[in-house]
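Some notes on the structure that comes next.
The values are calculated or read from the model by the stated rules, or taken from the named source; none is laboratory data. What you see is a predicted model, and the numbers here were worked out from it, not measured in a lab. Every residue, glycine among them, receives a Cβ derived from its backbone with ideal geometry; neighbour counts consider all protein chains shown. All accessible areas refer to the heavy atoms of the entire protein, side chains included, with ligands and DNA or RNA removed. Shrake-Rupley method; radii C 1.70, N 1.55, O 1.52, S 1.80 Å.
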Amino acid sequence: MNIELLTEKNFTPNSLDFYNRTQIVKRVYRRQNGEYALVDMPYIEDWTLERKRLEAQFLRSSECIAYLALENGTVAGFIGLKKKLYGSYMILNMMHVSADYRGKGIGRQLFARGKEEARKAGAEALYISACSSEETIAFYKAMGAEITENPIREFADDEPYDLQMICSVV
């Protein structure tokens, strides 16, 4: 598995066409009585071909810096960061590992690259609007992220069920 900076040579507008975004969610965090609690809410998260191509377009855009986890030219995972800092934060716009490759440390490697990029850009922390699934939040907490009590309103309003998290990079 290679972790590489996304370039026009290793990523095309169709590179995510066969990417397995499927995530089977059983429990999610919801705020109850001022605290976050896990609640049963089973669903399956997936992307249509149109959504995959929209996400690929963003990853290739000039406003994003992205890294890919590649195995024999196949995208096994990726992280996309907004280049422009938001105050002292670098925004982690999206990070996914294909269902076929989860549990192999790829997410950790991609997240480490994200932290490196944030440090290089002069950010103090990564800001993450994270899917509230039990597994997603457990991953980000294992990476050192914490739920923030001071969310960036536009991100919190855009994804009301996401948990807003920050992860120090200094």
Exercise for the section: With the condition kept exactly as written, say whether any residue in region 80-88 is free of Cβ contacts under 8 Å to residues at least 12 places away in the same chain and closer than 19 Å to Glu146 by Cβ. Expected result: yes
Practice task
Could you figure out which of (1) in a loop (DSSP other than H, G, I, E, B); (2) farther than 28 Å from Thr74 by Cβ isn't true of Gly103?
Solution key: (2)
Practice task
Run Pro13 past the list (1) loosely packed, with under 15 Cβ neighbours inside 10 Å; (2) in contact with a His (Cβ under 7 Å, 6 or more places away or on another chain) and report the number of the one that doesn't hold.
Solution key: (2)
Handout entry: Filter result (hydrophobic (A, V, I, L, M, F, W, C), open to solvent by less than 30 Å² (accessible area, probe 1.4 Å), assigned to a helix (DSSP H, G or I) and over 20 Å from Arg108 (Cα atoms)) within region 47-80
Key = Ala56
Problem - Filtered residue count, region 30-44, keeping only those that are open to solvent by 80 Å² or more (accessible area, probe 1.4 Å) and either over 19 Å from the mean Cα position of the chain (by Cα) or over 14 Å from Glu135 (Cα atoms) (or both) - result: 7
Problem - Options Arg27, Arg21; residue that is surrounded by 14 or more Cβ atoms within 10 Å (Cβ to Cβ), assigned to a loop (DSSP other than H, G, I, E, B) and touching an Asp or Glu at 6+ places or on another chain (Cβ under 7 Å) - result: Arg21
